Amino acid sequence: MTFTKFALNNVKRNGRVYLAYFLSSVFTIMVFFSFAVNLFHPVIAGKSGGAIELIMGQTEAAILVFSFLFILISVGAFLKVRSKEFGILMILGMSKKQLRRLIFLENMIIGCLAIATGITIGLVFSKFLLMLLSSILAYDSLSFYLPYQAILLTIVFFVLIFLGISALTPLIIRTNSIIYLLKGAKKPNREIKFSIIQSVLALFLLGTGYFMAISPHLYGINPFLNRIVLFIEKIPYVEFILTTSVVVGTYLFFSQFSILVLNWLKKKRSFYMYKSNILWISDLIYRIKDNARMLFLVTILSAVAFTAITGVYALSSVVRDESLKDNPFALTYTSYSSNDQEVEQVKIIDEMLENHGFKYEKYKSEVIKQVSKDNYTVHIIKQSDYNKRASALGLDLVALDKDQALLVPVYVRFDPKRDKTLIQKNISLDEGQINLEVVGVAPKVIFYSGLFRNLVVVNDETYNEIKYIDERYHSYSYDIYDWLNTLEVTEKLREILGVGEHGKYFWSTRIEGYMLENQNKKLFLYVGFFLGAIFFLGASSFLYFRLYTDLNQEKDKYIGLSKIGLSFKEMKKVASIEISVLFFIPYILASIHTYFAIQVLQTVLYSSVLTQFLVDVVVFLILNLIYYISVRTRYINYLKRFVVM
């Protein structure tokens, strides 16, 4: 038998343990290859430097980093489990050099098989993924092509990853001591110690991270909370501090707090001594302590997967609503007083819409710009013009006295409690000759987001009395009922009017913003789904091979228990409880992490994403249940073979 054949036989013999690792590697390689196929497609490559290339490139980099860490951790776990086997080989005369060569060959065999399988599956699905991407990007067609660049890139990068990790294996497993190798992964049970201080610290760090995540939603409850929220917002790198707090808290949760809880259950003698509770509580103390790092990794990877998919799902599902908020009207044209082509350009827009069969309502408004001596700029609209727009948008009409003013938000995402343009109590015009009391804030944008720096509504009489005018704008907004079909007419108008002329006129349409956002967010959904799937599979793989690497030790334990009279039904119950804790505690904690993570997203979107979060969590719960049932069934069936009936 050749040395290579010996290594191949070792891989076959350990196939049950390596299966999840192999399949996860195949899926990761397939996704990387599929994105490379998209990235190198002639149509997309011809649009270099765009958002598509940037998003795809960053995704490829993220997959490579994840792959390196995933393979490194997986190989390390496998090697430690097989250390007893390596010790026996060294007793039989295998040198350290030969052992390292054996480990290297085994890793490369699995790596090469995973690369070949991943690329093959990627080629099979590449046409489907190209069709999906062409639909997302609204391209006519992304035809199939021979992706030799993608194949070469995938082979080179993943061969380098497997080579690099294979070279690091001597550092992962110590080959200097045969006694150390013969002891293997099995460690004698010892008294498990935990720190009450670190357990409390775990809850404190998690609580701090969660509070920082929801702090923007707490502003306005009371002055004390307001000061805390403002203090948090001023902290540099607050997102990094928040993330670090949750990550460290998660590790301490498993390594310290969970042991504290189990020891507390152990002290509850009536519960602890009831039926088989003594077995699973005692065993879980050791299993969780030994697997704290694995449970920590599974939780973090699951949280990343949940958050990524919830985030991109939420972004893609609110595109239409966001477009309606950003552009309350389908088209808005704004002209400066110096534009002598205003009437002609408005006529072009009217005729173009009519010629294409669009029904619309047009609303004309005048806005005055006034700059004070201290360079404070204010934009003013009269009450009658505001009410026309408010009526069209379904808002309440206003009736202001001569000394009153209403502030109007100029951005979609605004906080009336903290936005500097919306917290003023008084407005001074004409260098203090006109002083107005602010009586409220309008509920939404009435032109389009960012058109003016600020906007104030005043009584018509007050408006006519204003003397100092630095600029006078005329703005025409079109409420087009069938706005989703206005892309063609918008493109024709762009050919005639262009994007505008500085100091003359500018115009914006809802459909253009909608199409751009819809494309980008669908692309994020496409990318985020696969990244989330990779992280979830990685987390599942860690659980799988950890459970199966513990099987030999668990087998001896259950054989001993069956000999002293414990029934198979009771052993099945104990094993089920232990496996369910290892499966679902990380899932529950990851779901909590995700809930608070989406609070940050809600702050950015100013829109609830709770529905998307619940859908995401339920879907992952179903997947987790299916995976749990599958693993538990195989685990118990394996143990059943060794139990004395």
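Summing charges over neighbours of Phe3, with a neighbour being any other residue whose Cβ is under 13 Å away from its Cβ, gives +3 when K and R count +1 and D and E count -1.
Across region 469-476, coupling constants 3J(HN,Hα) worked out from phi with the 6.51/-1.76/1.60 Karplus curve, θ = phi - 60°, read 10, 8, 7, 10, 9, 10, 10, 10 Hz, and Gly and Pro carry x. Distance between the 7 Å Cα→Cβ label points at Gln519 and Thr2: 5.3 nm. Annotation: aspartates and glutamates with alpha-carbon distance below 20 angstrom to Lys569 (same-chain offsets under eight excluded): Asp283, Glu554, Asp556, Glu578.
Starting from the residue with the highest accessible area, list Tyr336, Tyr272 in decreasing order, probe 1.4 Å. Can you show the working numbers first?
Working: Tyr336 45, Tyr272 15 Å².
Most to least solvent-accessible, the answer reads Tyr336, Tyr272.
Both numbers refer to the Cα atoms of the chain; Rg and Dmax are 32.3, 103 Å. For Tyr148, the accessible surface of its heavy atoms amounts to roughly 150 Å² (probe 1.4 Å, protein chains only, rounded to the nearest 10).
Please tell me the relative contact order of the chain in percent, rounded to the nearest whole number, where contacts are Cα pairs under 8 Å and at least six residues apart.
On the way: 804 pairs, mean separation 116.6, N = 645.
Rounded, it is 18 percent for the chain.
For the set Ile368, Ile622, solvent exposure ranked by accessible area (probe 1.4 Å, protein chains only) runs largest to smallest as Ile622, Ile368. Straight-line cross-link reach from Lys521 at under 24 Å between alpha-carbon atoms covers these lysines, not counting any fewer than eight positions away in the same chain: Lys47, Lys127, Lys325, Lys444.
Ile109 exposes around 30 Å² of accessible area when a 1.4 Å probe is run over every protein chain in place.
What length, rounded to one decimal in nm, is gained on full extension from Val200 through to Val499, with 0.36 nm per residue of separation minus their alpha-carbon distance?
So the extension gain works out to 101.7 nm.
Looking at the chain only, what percent of DSSP beta bridges run antiparallel? Nearest 5 please. Percentage antiparallel, nearest 5: 85.
Sorted by accessible area (1.4 Å probe), largest first, how do Lys555, Lys573 line up? Numbers along the way, then the final one.
Values: Lys555 45, Lys573 95 Å².
Heavy-atom accessible area, descending, gives Lys573, Lys555.
For the chain, adding -39500 (n - 2.57) for each run of n ≥ 4 DSSP H residues and dividing by the number of residues yields -22500 deg cm²/dmol at 222 nm.
On the protein heavy atoms, probe 1.4 angstrom, tell me the percent of accessible surface of region 452-588 carried by carbon and sulfur.
55
A probe of 1.4 angstrom, applied to the heavy atoms of all protein chains, finds Tyr481 with accessible area near 140 square angstrom.
What FRET efficiency do you get for Leu146 and Arg13 if R0 is 51 Å and r is their Cβ-Cβ distance, rounded to the nearest 0.05?
My answer for the efficiency is 0.85.
Provide the net charge surrounding Gln370, with neighbours chosen by a C-beta distance below 14 Å and charges set as Lys +1, Arg +1, Asp -1, Glu -1. Kindly include the intermediate steps, with their values, before the conclusion.
On the way: positive: Lys369, Lys373, Lys382, Arg453, Lys467, Arg472; negative: Glu366, Asp374, Asp430, Glu431, Glu465, Asp470, Glu471.
With Lys, Arg at +1 and Asp, Glu at -1, the neighbours total -1.
Please report, ordered by residue number, every helix of the chain (full DSSP H runs) that is 27 Å or longer along its axis going by C-alpha atoms and whose mean Kyte-Doolittle hydropathy reaches 1.6. Kindly include the intermediate steps, with their values, before the conclusion.
Details: long enough: 15-39 (35 Å, 1.52); 51-81 (45 Å, 1.84); 96-137 (55 Å, 1.33); 148-172 (35 Å, 2.27); 196-218 (32 Å, 1.53); 292-317 (37 Å, 1.64); 510-549 (57 Å, 0.54); 568-605 (54 Å, 1.07); 610-640 (44 Å, 1.07).
Once both thresholds are applied, what remains is 51-81, 148-172, 292-317.
Strictly over 32 Å apart at the Cα level, which of Lys97/Lys557; Lys193/Lys557; Lys267/Lys555; Lys96/Lys573; Lys84/Lys289 would you flag in this model? Display every interim value, and only then the final one.
On the way: Lys97/Lys557 35 Å; Lys193/Lys557 22 Å; Lys267/Lys555 28 Å; Lys96/Lys573 44 Å; Lys84/Lys289 22 Å.
Over 32 Å apart, Cα to Cα: Lys97/Lys557; Lys96/Lys573.
The values are calculated or read from the model by the stated rules, or taken from the named source; none is laboratory data. Predicted, not measured: the structure shown is a model, and the values here were computed from it. Ideal geometry is used to build each Cβ from the backbone, glycine not excepted, and the neighbour counts take in all protein chains shown. These area figures cover heavy atoms from the full protein model, side chains too; ligands, DNA and RNA do not enter into them. Shrake-Rupley method; radii C 1.70, N 1.55, O 1.52, S 1.80 Å.
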